[in-house]
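Take a look at the structure set out below.
The values are calculated or read from the model by the stated rules, or taken from the named source; none is laboratory data. From a predicted model like this one, the values you see are computed outputs, not experimental measurements. Note that we place each Cβ from the backbone using ideal geometry, even for glycine, and neighbour counts take in every protein chain shown. Heads up: the accessible areas ignore ligands, DNA and RNA and are worked out on the full protein's heavy atoms, side chains in. Shrake-Rupley method; radii C 1.70, N 1.55, O 1.52, S 1.80 Å.
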Amino acid sequence: MHHTETAAQAPVSVAQISREVVRHAVSRIMTESCDPGFDAEERLQAVEDLHDILKQEIRQKAFSTALPLAMEAAQRLGAPCPVPMPPEFGRAVSTTLKSLCRIEIDVYEDGEDVIEAASGLLSRHGISVTDGKIAPLLRISDARDAALQGATEEMRRKLKATAALVLEFLGDIPLELLPGQVESLMVQLSRLPKHHGQQHGKNRYEKEGRSLSKREAIALADLADEQNATALRDRRDLSDAQRRAMLAERLTKRVTHTNLERHLDRLHQMLREAEKKLGYAGKTKLLTYAELAKTMKADAERRRKQDPLFIRATQPKIRLRWAGARIKTLLTSPLYRGCSSLGRRTNPGRLIFRDAKYWVPLIMVTMGTRVTEVLQAKKCDLLLRDGVHCLRLCWSAEQDGKTVSSTRFVPIPQVLLDLGFVEWVRDRGDDPSTLLFPEIIGANPDRPDQIFTKQMLTIRKGLGIKDYNEDLYALRKTLSSALWKGGVNAEDRQMIIGHVSDTTIGKHYTEADLAALKTLLDKADHGIVVTRDTAHRFPVIADCTLISGVPARLDIVLDDHGNLGAVRVLREHDGHPLLALAIDGAALPAFPQWDGLEVASRAAAPEMVADLLVEYHILTPGTPACRDAWEHFIAMAADGSEGKVCRRNTK
């Protein structure tokens with residue numbers, strides 16, 4: 001699939017060599033002319049002799065004098081010089097050296113100022129002069145250090161990460177060489193595994209870890225991908241479309257195109273800072289986004305010619321609202337219905353712990369808060385304003401918000417009132433400054449959201465509802481979707497979840513009618529049924545009615561044309577097969593070896609599967625190719641899946 005490659009460094013151009021020759025020579029002349037012990041007369045004679053030699057070599061097209069000086073310049077640049085030197089290359093370098101000789105003669109013979117004498121040559125080669133000094137040969141590390149000055153801690157971390165990648169793949173090259181190598185750099189970065197920064201091997205048991213270079217990480221990923229591709233090539237029972245669909249799931253996920261754009265942005269930022277602070281006079285815009293996309297497309301086409309199965313597998317974050325089945329599984333899980341212990345929240349039992357794990361997901365899905373916002377909340381942030389209980393978010397200096405509009409009042413929706421949230425806050429001790437969730441803040445005061453997200457990830461895995469795109473943060477999008485379904489307009493939805501608004505009312509909605517906002521929030525139907533539990537002496541979630549029917553998942557086999565060739569429906573909670581069906585005449589090398597497999601025509605098969613929708617809630621396939629094939633297949637049912645769902649809901 002992938003083959004580890006290291007692009008050969010291209011020889012420097014004549015312009016780059018000439019620029020470095022000029023920069024180095026003028027700097028030398030400035031140093032020597034200021035040295036009281038320097039013998040100007042002796043140097044003047046040597047320069048005149050060199051000038052005559054260069055004139056003769058240019059006439060004879062022999063550039064023996066220019067070659068060693070050009071090679072020295074290339075060595076300082078860290079790039080190879082073309083050998084033998086092409087005539088046009090030698091002529092350009094020799095001409096530049098002859099001009100430098102004239103400048104040096106004017107300085108030592110007529111006492112002319114070095115910068116004034118060389119101003120034309122410096123300008124022609126794009127060499128800047130700051131405070132009477134020639135800008136030094138700037139390298140990647142110089143640009144990085146300039147960009148780090150005054151940057152925020154978060155931006156410093158990102159700039160260091162980008163610079164470290166450039167230094168590993170290209171070395172500490174001069175900035176002027178970067179434009180010619182940026183495309184090959186981006187191609188190399190595109191092959192990095194998504195989790196390359198986490199391959200250090202450190203954990204609670206292993207403190208030392210291991211050092212794995214980025215090239216090694218790429219090589220290991222390429223090896224694993226090649227093994228997976230070889231295994232699928234040998235499968236004669238799979239169509240090409242099915243091979244590609246299965247391969248996309250098995251391949252190592254590489255960094256996304258958006259990630260490449262962010263690295264490119266930070267390279268541009270470093271170059272701009274070098275221009276502003278260090279006098280860098282080269283290009284500060286290496287590639288546009290369109291040029292980057294064109295480069296990546298050309299690389300993919302080249303690799304696909306080498307291997308028709310080539311796929312650059314990525315996993316971009318497309319944050320989606322939670323599916324109804326996922327929400328129901330969470331809200332009716334032992335976390336809310338009763339678990340066995342504080343450390344085993346997914347095991348059924350009689351204990352309900354109303355802490356961060358209990359309240360924060362509920363607050364996010366019903367109030368649209370960000371994780372950090374609610375984790376920072378204190379007891380004094382519970383207010384009664386305009387007769388409405390509300391939470392004050394990101395109001396004090398130590399409570400960080402993502403944007404200015406993060407500072408806001410959000411009414412507490414009726415479902416949280418029914419669950420006893422206000423009473424729970426009242427019981428949080430006598431000190432108004434008490435944190436509502438100190439167990440999370442205490443674990444990591446700087447990034448409590450990371451601690452909580454990891455804890456909830458463990459719970460979601462235990463409940464079988466982990467999904468890359470439907471993560472914890474997507475609960476905010478779930479609320480926005482529920483508000484939209486409830487008829488709440490876009491402006492009001494932005495007001496509730498704390499997005500920046502262009503309108504005056506949106507920017508100052510903390511003074512809005514909170515009773516009206518609460519009415520809007522209550523239009524979001526989460527299907528939460530609350531009942532009083534005498535055993536626990538507080539209200540509990542009895543059910544979630546977002547979906548009816550038993551959740552079921554799909555196994556799908558694609559035919560040669562990418563259409564659904566066979567499908568198996570299995571009950572989600574125990575994997576019991578409900579139906580196994582193959583399409584008669586489908587372009588499949590062989591039917592899957594499923595127990596109880598039936599064969600039906602392409603017209604009859606959708607009806608047979610759609611009949612299950614009366615009793616079961618089908619979970620959508622995760623793979624895009626399989627999802628598209630399934631949605632087209634079920635759309636061919638005469639009654640349609642929508643009609644089946646309607647019949648199920650009226651049973």
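I'd like the full set of residues that are within 15 Å of Gly464 (Cα to Cα) and out of contact with any strand residue (DSSP E or B) (no Cβ under 7 Å at 6 or more places or on another chain), limited to segment 318-343. Explain how you work it out, then say what you get.
Start the filter on segment 318-343 by keeping residues that are within 15 Å of Gly464 (Cα to Cα), which leaves 322-335.
Scanning segment 318-343 gives Trp322, Ala323, Gly324, Arg326, Thr329, Leu330.
Only residues that are closer than 18 Å to Val614 by Cα, open to solvent by less than 20 Å² (accessible area, probe 1.4 Å) and outside any strand (DSSP E or B) were counted in segment 557-577, giving 0.
Of the listed requirements (1) of a type outside the set (D, E, K, R); (2) closer than 30 Å to Trp322 by Cα; (3) not in a strand (DSSP E or B), Ala580 misses just one: (3).
This table checks each residue for (1) outside the structural domain of Arg272 (by the TED database); (2) acidic (Asp, Glu).
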position	(1), (2)
Ser94	yes, no
Leu97	yes, no
Asp106	yes, yes
Glu112	yes, yes
Ala117	yes, no
Gly120	yes, no
His125	yes, no
Ala147	no, no
Ala161	no, no
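Filtered by the rule that a residue be without any contact (Cβ under 8 Å) to a residue 60 or more places away in the chain, open to solvent by less than 30 Å² (accessible area, probe 1.4 Å) and out of contact with any Phe, Trp or Tyr (no Cβ under 7 Å at 6 or more places or on another chain), segment 163-200 gives a lone residue, Phe169.
Applying the selection to segment 117-127, what residues are touching a helix residue (DSSP H, G or I) at 6+ places or on another chain (Cβ under 9 Å) and open to solvent by 70 Å² or more (accessible area, probe 1.4 Å)? Reasoning before the result, please.
Within segment 117-127, the subset touching a helix residue (DSSP H, G or I) at 6+ places or on another chain (Cβ under 9 Å) is 117-118, 120-122, 124-127.
Within segment 117-127, just Arg124 meets the criteria.
A Cβ distance below 8 Å, combined with a sequence gap of six or more or placement on separate chains, defines the contacts here; from segment 29-45, residues that are open to solvent by 50 Å² or more (accessible area, probe 1.4 Å) reach residues that are of a type in the set (Val, Ile, Thr) in the pairs Ser33/Val107; Ser33/Val114. Kindly indicate whether Leu251 is among the aliphatic types (A, V, I, L, M), farther than 28 Å from Tyr468 by Cα and under 21 Å from the mean Cα position of the chain (by Cα). No; evaluated as a whole, the condition is false for this residue.
Assess whether Val410 counts as being open to solvent by less than 50 Å² (accessible area, probe 1.4 Å), at pLDDT 85 or above and assigned to a helix (DSSP H, G or I).
No.
Sub-9 Å Cβ pairs linking a first residue in segment 524-540 that is of a type in the set (Asp, Glu) to a second residue that is open to solvent by less than 50 Å² (accessible area, probe 1.4 Å) and at pLDDT below 90, at least 6 apart or interchain, are Asp525/Ala482; Asp525/Gly486, ordered by first then second residue.
Scanning segment 128-147 for residues that are surrounded by fewer than 20 Cβ atoms within 10 Å (Cβ to Cβ) and of a type outside the set (D, E, K, R) turns up Ser128, Val129, Thr130, Gly132, Ala135, Pro136, Leu137, Ser141.
So which residues in segment 535-556 are assigned to a loop (DSSP other than H, G, I, E, B) and either buried (at least 18 other Cβ atoms within 10 Å of the Cβ) or modelled with pLDDT of 85 or more (or both)? So that I can check it myself, show each step before the final result.
Looking only at segment 535-556, we keep the residues that are assigned to a loop (DSSP other than H, G, I, E, B), and these are 535-537, 545-549.
Those that are assigned to a loop (DSSP other than H, G, I, E, B) and either buried (at least 18 other Cβ atoms within 10 Å of the Cβ) or modelled with pLDDT of 85 or more (or both): Ala535, His536, Arg537, Thr545, Leu546, Ile547, Gly549.
Report yes if Arg102 is more than 22 Å from Lys283 (Cβ to Cβ), modelled with pLDDT of 85 or more, touching a Lys or Arg at 6+ places or on another chain (Cβ under 9 Å) and among the basic types (Lys, Arg), otherwise no. No. Can you tell me which residues in segment 47-81 are surrounded by fewer than 16 Cβ atoms within 10 Å (Cβ to Cβ) and assigned to a loop (DSSP other than H, G, I, E, B)? Selection gives Lys61, Ala62, Ser64, Pro80.
How many of the residues making up segment 626-645 are in a helix (DSSP H, G or I), at pLDDT 85 or above and surrounded by 15 or more Cβ atoms within 10 Å (Cβ to Cβ)? Outline the logic, then answer.
Quick first cut of segment 626-645, residues in a helix (DSSP H, G or I) only: 626-635, 640-645.
Now restrict to residues that are at pLDDT 85 or above: 626-635.
Then drop every residue that is not surrounded by 15 or more Cβ atoms within 10 Å (Cβ to Cβ), which leaves 626, 628-630, 633-634.
Adding up the residues that qualify gives 6.
In the set (1) touching a residue at least 12 places away in the same chain (Cβ under 8 Å); (2) within 24 Å of Arg428 (Cα to Cα), the condition left unmet by Leu342 is number (1). Only residues that are open to solvent by 70 Å² or more (accessible area, probe 1.4 Å), of a type in the set (S, T, N, Q) and under 25 Å from Glu176 (Cβ atoms) were counted across segment 148-162, and they come to 1. Consider segment 225-280 and keep the residues that are closer than 30 Å to Ser141 by Cβ and small (Gly, Ala, Ser). The one that is modelled with the lowest pLDDT is Gly279. Scanning segment 266-314 for residues that are in a loop (DSSP other than H, G, I, E, B), assigned by the TED database to the domain that holds Ser190 and within 21 Å of the chain's Cα centre (by Cα) yields Leu286, Leu287, Thr288.
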